Structure formats: structure tokens, C-alpha cells
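J.: Handing you this structure, nothing more for now.
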Amino acid sequence: MRIAILSRGPALYSTRRLKEAAELRGHEVHIIDTLHCYMDITSSKPAVRYDGEELPYFDAVIPRIGASITFYGTSVVRQFEMMGTFVVNESVAISRSRDKLRSLQLLSRKGIGLPRTGFANKPDNIKDLIRNVGGAPVVIKLLEGTQGIGVVLAETPKTAEAMIEAFMGLKANILVQEFIKEAGGADIRCLVVGGRVIAAMKRQGAEGEFRSNLHRGGSAELVRLTKEERATAVDAAKIMGLNVCGVDVLRATRGPVVMEVNSSPGLEGIEYATGKDVAGMIIEFIEKNARPHRTKTRGKG
Ligand code: ADP
């Protein structure tokens, strides 16, 4: 097969591994810089152009769209869908997953376990917003944040109020969330591919840190999931409409709660922690599923 990886960084671990795994299985791989693609959307025959030429036909496209280029990146993915190309994750699903509130709304509609979460634009009663998620301590998150930046823990009602006021003063979109203390600074990343959890790791935050992000000095190890955790991750991926994703789960006393679903999960941490060939399993999924005109939305979303 001829496979394109839409990625800004050919040297990034995940991009390199996907290329390597595909080539090992006999496929031709092109790494395409998403931002350098341009499109003719006026013609009836949609195409993607790159450096003066029309791109060749691809049997599959693997989008690795960074959060900072979601808008342009999803329009490139959509263009491939319009051409009937099989894309591993569809543009609509990627956009959905990038909006934390929209994701939580979709997941809550289907009864997935979630931390109690509130969001507001200009609440006249901040105290009530805090009380409504169970009171302090609460976690406050900037909607645009990634890799744990913009996620803070407010231990007392007074700090929570002050922080919310400060963020609102900056006109930042935030959400206020119940603090899952019993998670003990750890979370679980479940890698879902084609409706199955193929690898899972537990990430533990550094000493004294409630955020478990590896970028924040956390460490990762292989973990055995409970049946409920496995089912939760699979359901969350399905609701979001993502074939390949990372579902982040916290172990709450009442059961697993989903924090986030990531449509371009990094492969480095999870391959190291689990010793699994995650890239190879993604390519295997493509081999089994890539057919032309198989995308659900075909660019309509
Ligand atoms: P980002 O998308 O920036 O990584 P997250 O929402 O995943 O932000 O939060 C970063 C980390 O903070 C999580 O991996 C988790 O360890 C911790 N965390 C986030 N929300 C909560 C919460 N409600 N309760 C307990 N810990 C949390």
C-alpha cells in the first residue's frame, strides 16, 4: 500500500516509528508536512497539492495533527476524505477531540464516567460553580492547554475563587473539575486501536506533583486494566469516533473516569513502558480496514 503520514516532524519518534513499521511490512511511506499541503477546493475533482505537484493517490493517510494546527490540519484531512482516501482518524472526530468541553459533553451524554466538571463564561456566582463540582479542592484547567500546562490544583475555596477570577480576568476559557485525590497523582493511558485496547500504561507524577504528564517529569509503567477500565476506554473511543486514540483515565473510588481522549497519541512513552509494537499494530489496523470511500463523513462534517 501507499501510505501518507501527515506530520510536521519527520524526526519525531511517533512519525519515525510509524514509517519504520509500515516499511517493514512492505508499504511505501510518504511523510507529508501538513502545513505545506495546499488544496484546490473550487474544482469538482478534489486534490491535495504539495510543492508544485498533485500528490499521488494514497491507500491510507495517518493524520498526526498537532494541537496548534488543528484548524488547518483537519481541513487537509477533510480534503483527503473528499477524495475517498481512507484516513485513520476522520477530520470531524479530530476536531471533536480537540475541544475538551465538547468531548466531555459527548461522553457524558452516553454515560461514560467523568470527573464532575463545570464550565462557565461569566458566572455571577463563582462560589456556586465551585460548590457544584463538590467544593475545594478543585482542578482548574485552561481549555487550550496541553501537556499539563494550564492545569492547576486549588486546594481551598479561597484559592479556587481567586484563580477562577484571575483566569476570567484574562478572558481565558476554563473548566473547573472535581479533584480525584484517590488517583494519587497517577493516570492511565489506554491506547485504543480499532475498538480494542492494545496497550496501557500507568503514569505517575513526580513527587509532590498531582499531574502525571511525562513532560512534567512523570514516569510510566505497564499496567493491567480492569474489565471496566478496558470497556470505558473502548466506549470513549467509539463515542468520539476515533479509530486510533489515547484515552486518559483516572482511577476514582467510584470507578474509572475519563479525563481526555487524544487523537494523536504519542507512541514513545507507551512503546517503552509496555515493550509493545504499537506502531506495527496501527499499520496492521490499516491493512485490515483501508478501502477507498470507507470514511463515514467523506468530508461532509
Ligand atoms: P493535559 O491535556 O494538558 O495533559 P490533563 O487534563 O490531562 O491536561 O491534566 C494533566 C494531568 O493532571 C493528568 O494527567 C492528571 O494526572 C492530572 N489531573 C487532571 N485532572 C485531574 C482531576 N480532575 N483530578 C486529579 N488529577 C487530575
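J.: Need one number: nm distance between label points at residue 238 and residue 101, each 7 Å from Cα along Cα→Cβ, rounded to one decimal.
T.: 2.9
J.: Please list, in order along the range 33-41, the HN-Hα scalar couplings obtained from phi with the Karplus expression 6.51 cos²θ - 1.76 cosθ + 1.60 (θ = phi - 60°), rounded to whole Hz, x for Gly and Pro.
T.: 6, 3, 6, 8, 6, 9, 9, 9, 9
J.: Would any residue of the range 56-85 have its amide N under 15 Å from a label point 7 Å out along Cα→Cβ of residue 40? List them or say none.
T.: What the label zone holds, given the 15 Å backbone N cut-off, is 56-57, 83.
J.: Once you have the alpha carbon radius of gyration of the range 2-90, what is it after dividing by 2.2 N^0.38 Å, with N set to its residue count?
T.: The range 2-90 yields a ratio of 1.03.
J.: Beta carbons within 10 angstrom, averaged per residue: use that to sort the peptides 38-51, 239-252, 215-228, 270-283, highest first.
T.: 239-252, 270-283, 215-228, 38-51
J.: Which lysines does residue 127 reach when only Cα atoms under 30 Å apart count, and residues fewer than 8 places away in its own chain are ignored?
T.: Those lysines meeting the cut-off are 100, 110, 141, 158, 171, 181.
J.: For the chain, modelled as a Gaussian network with Cα springs under 10 Å, which listed residue fluctuates most, 136, 11, 60?
T.: Sorting by GNM fluctuation, first place goes to 11.
J.: Quick one: grab Rg to one decimal and Dmax as a whole number for the chain, Cα atoms only, in Å.
T.: 20.0, 61
J.: Can you give the % of DSSP beta bridges in the range 1-107 that are antiparallel, to the nearest 5?
T.: Antiparallel: roughly 35 percent of the beta bridges in the range 1-107.
J.: Here's a follow-up. By how many nm would the segment from residue 69 to residue 11 grow when fully extended, if each residue of separation counts as 0.36 nm and the alpha-carbon distance is taken off?
T.: Extending this stretch completely gives an extra 19.1 nm.
J.: Mind checking which lysines have their C-alpha under 24 Å from residue 276, skipping anything on the same chain fewer than 8 residues away?
T.: Partners found: 19, 202, 227, 238, 288.
J.: Is the shape of the range 167-211 best called rounded, prolate or oblate, per the rule: a/c under 1.5 gives rounded, else a/b larger than b/c gives prolate, else oblate, with a ≥ b ≥ c the square roots of the Cα gyration tensor eigenvalues?
T.: Since a/c reaches 1.5 but b/c is at least a/b, the shape of the range 167-211 is classed as oblate.
J.: Two-decimal Rg/Rh of the range 117-179 from alpha-carbon positions, Kirkwood Rh?
T.: 0.91
J.: Select from 55, 114, 191 the residue whose mean-square fluctuation is largest in a Gaussian network model of the chain (Cα-Cα springs shorter than 10 Å).
T.: The residue with the greatest mean-square fluctuation here is 55.
J.: Rounded to the nearest 0.05, what FRET efficiency do residue 216 and residue 253 give with R0 = 30 Å and r taken as the Cβ-Cβ distance? Could you check?
T.: Calculated transfer efficiency: 0.75.
Laboratory data are not the source of any read-out in this text; all were calculated from the coordinates shown. Computed from a predicted structure; not experimentally measured. Ideal geometry is used to build each Cβ from the backbone, glycine not excepted, and the neighbour counts take in all protein chains shown.
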